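> Got a structure here, written out as C-alpha cells. Questions coming.
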Amino acid sequence: MSAVRDRSADPGMWVSSAPLRISLAGGGTDLPGYARRFGGTVLGAGTDLRVTVVGRRARRPAGIRVCLDSCGHAESAQELANPFAREAMLRHWDGAPVDLFSTGDVPGATGMGSSAAFCVALIAGLSAAKPLDACSLAAAAGDIEIHGLGRPVGRQDHYLSAPGGFRLLHFHRDGTVDVEDVVVPPETQRRLGEELLLFHTGTSRDAGEILGDQAGGTERGDRDTTHRLHEIKDLTAPLHDALTQGKSTEVGRLLGRHWELKRGLGPRVSLPRIDRAYEDALAAGATGGKLLGAGGGGFLLLHVLPNRQPVVRDVLTAHGMPEQLFAFDTRGVALHTL
C-alpha cells in the first residue's frame, strides 16, 4: 500500500524577477552629494533583460542554502558571502530555513543595474506574504546598497527597476524621490527598439569606485564636475520631449552629448579601447551613444539607423564587442508564488 503524500507539508516557493535598466539622461545627478545640494533628475527605462531569484522553504531545521555567485550553506544571514544577499536577508528574512537561487540575463558589474535588480527581486520574494509596492521595494533596495553596504551610489537603478517602463525620476534635496511615468507612443518604442543597439565591451568594473571619484569632486565643490552634472541633468528635458514626440534620431544625438559630458567626470569613466570603438562606430554611421552606468566598461548603447546597422555591427565585432539583444519593457518587478 503506497503512502499518501501530504502536499500541505511541501515547502512554499516563490519566483521573483526585476528588470535591468537603461539610463538615458541625468545619470549621476541621483548621487547623494549632488542631489542633496541641487536636486537630481534621471530619465531611464526598464528592459526585457532581467534578474530572477527563486526562493524555496527548506525542510531542514535551519539555515540558508544559496546558489548565487557560488553555491554554499550558511547557518545565519551574517555568514552569507554575497553582500547584497546578506543585507537583504538581515533586513527582510523571517528566519525560516530557505533555499535561494539566482540568475541574470547579463553579467554583473556591466552598467545595467544588476545589483539593484537583484535586491529588488530578492526583497519582493522575501516579502511575498505581505507584498510591497514598487516604490517601497525601490526604497528598501536602495537602503541596502547605500546605508547597509555604504556604497557611494544613487537610487536611480532601484527606482527604474521596481516599476519598470519609461520613468522620469526626481531626487529631491530632502532625500525623497518622485517617480513620473513617461508616455512613449508604441510606435516610438518599436522604432527605438530597432534603432538602439547594445554591445558588451568585455570589461566589468566596480561602479562604486568610479562613482566615488565623481562624488569626491562634487563634495569638494569642483566647478567642472558640478557644471557637467548640471548639463547632464538639463538633458532630461529635451530627451523627454524626443521620446514623447517620436524623435528617435534626436535621442541618439542627446545620448552622444551625455557621453561627451560624462567622460569628463573622471579618468576611469572610459577606456582608450572603448573610445576608439565609439569613434569608429560614429564614423560608420551611429548617431550617438554612451556607456551605461558609471562607465569604465560594461555595455555601450548606440543609436543607429537601420541602413547603417550592418556596418556598425561589423565595426563593433572587429573591436571584440558582441551585441546583446534587448527590448524596452513596461513590466516592473514580477512575483509568482507556488
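Read-outs throughout are calculated quantities, based only on the coordinates presented, and are distinct from any laboratory measurement. Keep in mind that this is a model prediction, so the values were computed, not measured. Neighbour counts run over all protein chains shown; Cβ positions are idealised from the backbone, glycine included.
> Report, for the chain, the % of DSSP beta bridges that are antiparallel, rounded to 5.
Here the share of antiparallel DSSP bridges comes out near 90 percent.
> Determine which lysines satisfy two conditions relative to residue 233: a Cα distance under 26 Å, and not lying fewer than 8 residues away in the same chain.
In chain and number order, the partners are 247, 262, 290.
> If every alpha-carbon in the chain counts as one equal scatterer, what log10 I(q)/I(0) does Debye give at q = 0.09, 0.16 1/Å?
Treating every Cα as an identical point scatterer, log10 I(q)/I(0) equals -0.48, -1.35.
> Further, regarding this structure: Hey, got the dipole for the chain? About the Cα centre, +1 on K and R Cβ, -1 on D and E Cβ, debye to the nearest 20?
Values: 37 positive and 39 negative charges, 56 e Å.
For this selection, approximately 260 debye.
> If I model a spin label as a point 7 Å beyond the Cα along the Cα-Cβ vector, how far apart are those points for residue 13 and residue 147 in nm?
Distance between label points: 3.5 nm.
> Between residue 48 and residue 96, what FRET efficiency comes out of the Förster formula 1/(1 + (r/R0)^6) with R0 = 35 Å and r the beta carbon distance, rounded to 0.05? Intermediate results must be reported in sequence, preceding the final value.
Details: r = 33 Å, r/R0 = 0.93.
With R0 = 35 Å, the Cβ-Cβ based efficiency is 0.60.
> Extending each Cα 7 Å along its Cβ direction at residue 275 and residue 337, get the distance between those two points in nm, one decimal.
5.4 nm
> In nm, what is the difference between 0.36 nm times the number of residues separating residue 79 and residue 222 and their Cα-Cα distance? The partial results should precede the final answer.
Details: separation 143, 0.36 × 143 = 51.48 nm, distance 4.06 nm.
Difference between extended and current length: 47.4 nm.
> If one computes the Cα centroid of segment 48-116 and of segment 283-301, what distance in Å separates the two points?
About 31 Å separates the Cα centre of segment 48-116 from the one of segment 283-301.
> Still on this structure: Work out, in µm²/s and without decimals, the Stokes-Einstein translational diffusion coefficient of segment 1-140 at 10 °C, 1.306 mPa s, Rh from Kirkwood over C-alpha pairs.
Details: Rh = 16.7 Å.
Using the Kirkwood radius from Cα pairs, D works out to 95 µm²/s.
> Could you grab the relative contact order for the chain? Cα pairs under 8 Å, six or more apart, rounded to a whole percent.
25 percent
> Return the sequence-ordered ³J(HN,Hα) values of segment 159-165 in whole Hz as given by the Karplus equation 6.51 cos²θ - 1.76 cosθ + 1.60 applied to θ = phi - 60°, using x for Gly and Pro.
Per residue, the Karplus-derived 3J(HN,Hα) values read 7, 8, 6, 4, x, x, x Hz.
> Test of understanding: extend the Cα→C-beta vector of residue 314 to 7 Å, then name every residue of segment 245-276 with backbone N under 11 Å from that spot.
Zone members listed by number: none at all.
> Further question: Ignoring solvent entirely, what values of log10 I(q)/I(0) come out of the Debye formula for segment 186-318 at 0.13, 0.14 Å⁻¹ when each Cα is a single scatterer?
-0.57, -0.65
> Set Lys and Arg Cβ to +1 and Asp and Glu Cβ to -1, take the dipole of the chain about its Cα centre, and tell me which of 128, 237, 321 lies farthest positive.
128
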